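Comments concern the structure below.
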Amino acid sequence: MRLGVSGAVVDGAWCPGDVAVDDGRVTDVGLPPARGDLVAVPGLVDLLCHGYAGVDLASADADGIAALRTAVARDGTTALCPSLLTDDPDRTVAALGRLDTARRTGHAGAHLLGAHLEGPFLAPTRLGTHPPAHRRDPDPALLARLLDAGRVDVVTLAPELPGADALVATLRARGVVVSAGHSDADAAAAHAAVDRGVTAVTHLHNAMSGLDHRAPGLAAVALTRPEVVATVIGDGHHVAVEMLRLLAAAAPGRWALVTDATAAAGMPDGPYRLAGVPVTLADGAVRNADGGLAGAAAPLLRGVRTAVDAGVGLVTAVGAATAVPARLLGRPDLGRLRPGGPADVVLLDADLTVTRVLVGGRPVGGE
């Protein structure tokens, strides 16, 4: 089947011409181009998604998880790490179990990757919307309980906390990506964390020590250490466009767009919940009762458009939402469009709006 595109982002480079898929795989690229302005890009990969389309993953049942997988796929995200906010450990354990059950269930929507535990081992001064009552100092027994409850691919923690070293070692031994976030680490502590095996930073510039020219913190270290993938929320609310340009220039090939999406994503303005915390969507931003940003409501493709509008090239912006997060997870089968690879493909028009999505070669939404 020919997709009818004029070109595609193939293995991180622009490739003029049409794309063919068959039996769930990409079979050919660079074919004679179709007329029009449609382009093909790999299915997007979201490392940080707490909810979508009215569904909060902390409490979602099987039907809710299935609905979320369909909704995010329609918006171009074909794989996601279901993310869980700091919460009562019993509720987190239960949510991890439900996600494991859903993962074993066949579904035509987005691939459900391992969970991203955003907490509970966070700095008390950088909690944002995370409930203080459920924050914990590093606790090896609690970490073991959470890891045993269900598949976990990413854990965000504050590496400067006493005892965090032991958690980092455990996570690395179990193949889990360790991301520094919600952290007050100074530069020395941040460098030490990278030396120990922290390989990512969660939502750069938000809930972390920053870019002071005499007291650089975690954000500055993320921009200067080549081992680190810096994730960033590109919804137009969490960071200014200048910071996106700075990130793209300082960390080429090692920055990733994420959504930090909540149940408010894809929904009308109004009240929602984020792991039980009341939040409100208004004018495109999700805020808590204190008026602070509390997750987001934009699809991952919005981040791609924001980056392109900021002057980042299309191929680079697409890579930040596909190949870079997939590489961080050690998943060469995701985030790449290439002959022989899975046909997780998104078709975009000239405005970078989704016109069609394939997951495993099958159209999403029963088209």
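The values are calculated or read from the model by the stated rules, or taken from the named source; none is laboratory data. Only a predicted model underlies this, so the values are computations on that prediction, with no experimental measurement involved. FYI the Cβ positions are ideal-geometry reconstructions off the backbone, even for glycines, and counts take in every protein chain you see.
Considering the range 66-93 alone, what residues qualify as being of a type in the set (S, T, N, Q) and in a strand (DSSP E or B)?
Passing the criteria: THR77, THR78, SER83.
Here is a list: ALA95, ALA108. Which entry is at pLDDT below 95 and at negative phi? Please lay out each step first, then the result.
Values: ALA95 fails: at pLDDT below 95.
Of ALA95, ALA108, the one residue that is at pLDDT below 95 and at negative phi is ALA108.
Would you point out the residue of the range 267-284, among those that are crowded, with 19+ Cβ neighbours inside 10 Å and touching a residue at least 24 places away in the same chain (Cβ under 8 Å), that is farthest from TYR52 (Cα to Cα)?
Per the stated criteria, the residue is VAL277.
Look through LEU347, LEU352, LEU329 and report the one residue that is under 14 Å from the mean Cα position of the chain (by Cα) and either over 30 Å from ARG174 (Cα atoms) or outside the structural domain of LEU3 (by TED's automatic domain parsing) (or both). First the steps, then the outcome.
Working: LEU347 fails: under 14 Å from the mean Cα position of the chain (by Cα); LEU352 fails: under 14 Å from the mean Cα position of the chain (by Cα).
Only one candidate qualifies: LEU329.
Would it be correct to say that PRO140 is farther than 24 Å from SER83 by Cα, modelled with pLDDT of 95 or more and of a type outside the set (D, E, K, R)? Break it down stepwise before answering.
Numbers: farther than 24 Å from SER83 by Cα: no; modelled with pLDDT of 95 or more: yes; of a type outside the set (D, E, K, R): yes.
Taking the combined requirement at face value, the residue does not satisfy it.
Being in contact with a Cys (Cβ under 9 Å, 6 or more places away or on another chain) and under 30 Å from SER59 (Cβ atoms) is the filter here, so list the residues in the range 1-49 that pass it.
Hits for the range 1-49 are VAL45, ASP46, LEU47, LEU48, CYS49.
Taking the condition touching a residue at least 60 places away in the same chain (Cβ under 8 Å) and not assigned by TED's automatic domain parsing to the domain that holds GLY361, does LEU80 pass? Please lay out each step first, then the result.
Details: touching a residue at least 60 places away in the same chain (Cβ under 8 Å): no; not assigned by TED's automatic domain parsing to the domain that holds GLY361: yes.
The answer is no for LEU80.
Considering only the range 291-307, I want to know if a residue exists there that is more than 23 Å from THR199 (Cα to Cα), in the same structural domain as ALA250 (by TED's automatic domain parsing), surrounded by fewer than 16 Cβ atoms within 10 Å (Cβ to Cβ) and not aliphatic (A, V, I, L, M).
Checked against the condition, which is being more than 23 Å from THR199 (Cα to Cα), in the same structural domain as ALA250 (by TED's automatic domain parsing), surrounded by fewer than 16 Cβ atoms within 10 Å (Cβ to Cβ) and not aliphatic (A, V, I, L, M), the range 291-307 yields at least one hit.
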